[in-house]
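Please read the structure below before turning to the comments.
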Amino acid sequence: MRVLYISDVYFPRVNGVSTSIATFREDLGRCGVESVLVAPEYGMEPASASDRDVIRVPSSAVPLDPEDRRMHRGALRRALDTLAAQRFDLVHIQTPFVAHYAGVRFARATRTPLVATYHTYFEDYLHHYVPVLPRPLGRYLARAFTRSQCRQVQALIAPSEPMRDVLLEYAVQTPIHVLPTGLPADRFERGDGARFRAFAGLPPERPIVLYVGRVAHEKNIEFLVQAFAAVRARRPDALLVIAGEGPARSALQQLVEREGLAADVRFVGYLDRERTLLDCYAAADVFVFASRTETQGLVLLEAMAQGAAVVSTAELGTRSVLKPASGARVVPERVGEFSAAVVELLSDAALRARLAEQGRCYAHTWSSQTLARRLADIYGEVGAAYTRATAGSALLS
């Protein structure tokens, strides 16, 4: 089987979508599923295995979001026209912007079944990036936009059961398959926390509270900073490390200054996933997370795989990850309760070690190879259904 992936984002842009694409493509290859990916050109593409069979399309920066790129429509059309001469069994759209509409056009022109993964929770996304839009209007537009796009594909992949429930609430009629992104084997290779502290210039004696992810408004990092201020009142030796980049970094740095935390919060930017990121997770005493818009929350599993005890809220997709005995303390989005849970773990090494061991065991149940085999089965099911439907239409005509 050959599958064409189309996405508005991919490495070197680091986020959950890029990670999901790379993870599935690698494991699908082991299942006998070949894939070609069409993605934006960033101008600093790494020479790595993750760029194999990737067609880069010239692109421009996205206003107000310099990390991302918008593929030029003409260049994208020419790239897909070239690919139309090849045979693909299925097209898989990963993002709902330029890539979505290009994928729809390609699939219709080549009479190829079409699948989309619903990675983005637009209701909250629109509020953060178009703040002048009244929330009720933004919610209405997000739902109408989602229903419209979902009608254009033969099947949907939801990264979690809560995300599937959101789509059903929107009255989406397209068949939905729940399939999270799993952890590849290399995520379990133990990182070196001491090496990361030396790399980032962090004192070896200070306990680290860690956030990893996009530094964006929808990730609710402002709440983590406020909770950390309460942690510092009881544990003045604690240090908050924020790993990642994004449009909210400047605002967060200003918040850190206002809270008097400049000496206790470190922004370390993007980290190399092959080694430095694993070292970063391994350096953490507690991993914290409070996103309200996550469709899965893969970083939670990565932190667990490295033995970091987790304190997190459980909203949307993260509810499917944060199960009992997962090595996590699940608390409400309230500064007092969240900070108390962090302080308890920082102060109780035995409890921290017990949760860390639970988390490592739990993370092993999210094997990416197993989930890739399931995705290959879904591709087969969608392709067979599409063949039956088109054959039936031909008979009726």
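The values are calculated or read from the model by the stated rules, or taken from the named source; none is laboratory data. The shown structure was predicted, so the numbers you read here are calculated from the model rather than taken from an experiment. Positions of Cβ are generated from backbone atoms using ideal geometry, with glycine treated the same way; all protein chains shown enter the neighbour counts.
Every condition in (1) under 25 Å from SER291 (Cβ atoms); (2) in contact with an Asp or Glu (Cβ under 6 Å, 6 or more places away or on another chain); (3) not charged (D, E, K, R) holds for ALA341 except the one numbered (2).
When region 70-112 is filtered for residues that are within 17 Å of ARG2 (Cα to Cα) and buried (at least 23 other Cβ atoms within 10 Å of the Cβ), the ones remaining, listed by number, are LEU90, VAL91, HIS92, ILE93, GLN94, GLY103, PHE106, ALA107.
Specify which of the listed residues (ARG77, ARG70, ARG111) is in the same structural domain as PHE24 (by TED's automatic domain parsing), touching a Phe, Trp or Tyr at 6+ places or on another chain (Cβ under 8 Å), at pLDDT 95 or above and more than 18 Å from SER148 (Cα to Cα). Can you show your working first?
On the way: ARG77 fails: touching a Phe, Trp or Tyr at 6+ places or on another chain (Cβ under 8 Å); ARG111 fails: touching a Phe, Trp or Tyr at 6+ places or on another chain (Cβ under 8 Å).
Testing whether each residue is in the same structural domain as PHE24 (by TED's automatic domain parsing), touching a Phe, Trp or Tyr at 6+ places or on another chain (Cβ under 8 Å), at pLDDT 95 or above and more than 18 Å from SER148 (Cα to Cα) leaves just ARG70.
Evaluated against (1) farther than 21 Å from TRP366 by Cβ; (2) free of Cβ contacts under 8 Å to residues at least 24 places away in the same chain, GLU259 falls short on exactly one condition, (2). Within region 312-337, the residues that satisfy the criterion of being out of contact with any Leu (no Cβ under 8 Å at 6 or more places or on another chain) and not charged (D, E, K, R) are THR313, LEU316, GLY317, SER320, PRO324, ALA325, SER326, VAL331, PRO332, VAL335, GLY336. Somewhere in region 220-242, is a residue touching a residue at least 40 places away in the same chain (Cβ under 8 Å), more than 20 Å from ALA309 (Cα to Cα) and either buried (at least 19 other Cβ atoms within 10 Å of the Cβ) or touching a Cys at 6+ places or on another chain (Cβ under 7 Å) (or both)? Taking every residue of region 220-242 in turn, none turns out to be touching a residue at least 40 places away in the same chain (Cβ under 8 Å), more than 20 Å from ALA309 (Cα to Cα) and either buried (at least 19 other Cβ atoms within 10 Å of the Cβ) or touching a Cys at 6+ places or on another chain (Cβ under 7 Å) (or both). Looking only at region 49-58, decide whether some residue is more than 23 Å from VAL33 (Cβ to Cβ), surrounded by fewer than 19 Cβ atoms within 10 Å (Cβ to Cβ) and at pLDDT 95 or above. So far as region 49-58 goes, yes, one or more of its residues are more than 23 Å from VAL33 (Cβ to Cβ), surrounded by fewer than 19 Cβ atoms within 10 Å (Cβ to Cβ) and at pLDDT 95 or above.
Among the candidates GLU294, GLU257, GLU302, which residue alone is in contact with a helix residue (DSSP H, G or I) (Cβ under 7 Å, 6 or more places away or on another chain), at pLDDT 95 or above and not in a strand (DSSP E or B)? First the steps, then the outcome.
On the way: GLU294 fails: at pLDDT 95 or above; GLU257 fails: in contact with a helix residue (DSSP H, G or I) (Cβ under 7 Å, 6 or more places away or on another chain).
When all the criteria are applied, what remains is GLU302.
Can you say whether THR390 is among the hydroxyl-bearing types (Ser, Thr, Tyr), part of a helix (DSSP H, G or I), under 27 Å from CYS31 (Cβ atoms) and within 24 Å of the chain's Cα centre (by Cα), as far as the supplied structure shows? Considered against the rule, which asks whether it is among the hydroxyl-bearing types (Ser, Thr, Tyr), part of a helix (DSSP H, G or I), under 27 Å from CYS31 (Cβ atoms) and within 24 Å of the chain's Cα centre (by Cα), THR390 comes out as no. Considering every residue within region 76-92, establish whether at least one is among the aromatic types (Phe, Trp, Tyr) and closer than 28 Å to GLU274 by Cβ. The answer is no, given that none of the residues of region 76-92 is among the aromatic types (Phe, Trp, Tyr) and closer than 28 Å to GLU274 by Cβ. Do any helices (runs of 4 or more DSSP H) entirely within region 85-200 hold 1 or more residues that are touching a Ser or Thr at 6+ places or on another chain (Cβ under 7 Å), of a type in the set (D, E, K, R) and touching a residue at least 60 places away in the same chain (Cβ under 8 Å), and if so, which? By residue number, 122-129, 161-169. Evaluation of ALA314 against the conditions (1) in contact with a strand residue (DSSP E or B) (Cβ under 6 Å, 6 or more places away or on another chain); (2) in a helix (DSSP H, G or I); (3) free of Cβ contacts under 8 Å to residues at least 24 places away in the same chain shows that the sole unmet condition is (2).
Being in the same structural domain as GLN358 (by TED's automatic domain parsing) and touching a strand residue (DSSP E or B) at 6+ places or on another chain (Cβ under 7 Å) narrows it down to one of LEU298, LEU271, so name that one.
Numbers: LEU298 fails: touching a strand residue (DSSP E or B) at 6+ places or on another chain (Cβ under 7 Å).
None of the other options fit; the residue is LEU271.
Of the residues screened, MET44 is not one that is over 20 Å from PHE97 (Cβ atoms), in contact with a strand residue (DSSP E or B) (Cβ under 9 Å, 6 or more places away or on another chain) and among the hydrophobic types (A, V, I, L, M, F, W, C). Looking at LEU375, LEU351, just one residue is assigned to a helix (DSSP H, G or I) and surrounded by 19 or more Cβ atoms within 10 Å (Cβ to Cβ), and that residue is LEU375.
Against the definition (more than 25 Å from PRO203 (Cα to Cα), assigned by TED's automatic domain parsing to the domain that holds ARG206, of a type in the set (Ser, Thr, Tyr) and assigned to a loop (DSSP other than H, G, I, E, B)), how does SER320 come out, yes or no? Spell out how you get there, then give the answer.
Numbers: more than 25 Å from PRO203 (Cα to Cα): yes; assigned by TED's automatic domain parsing to the domain that holds ARG206: yes; of a type in the set (Ser, Thr, Tyr): yes; assigned to a loop (DSSP other than H, G, I, E, B): no.
When the stated conditions are applied, SER320 does not pass them.
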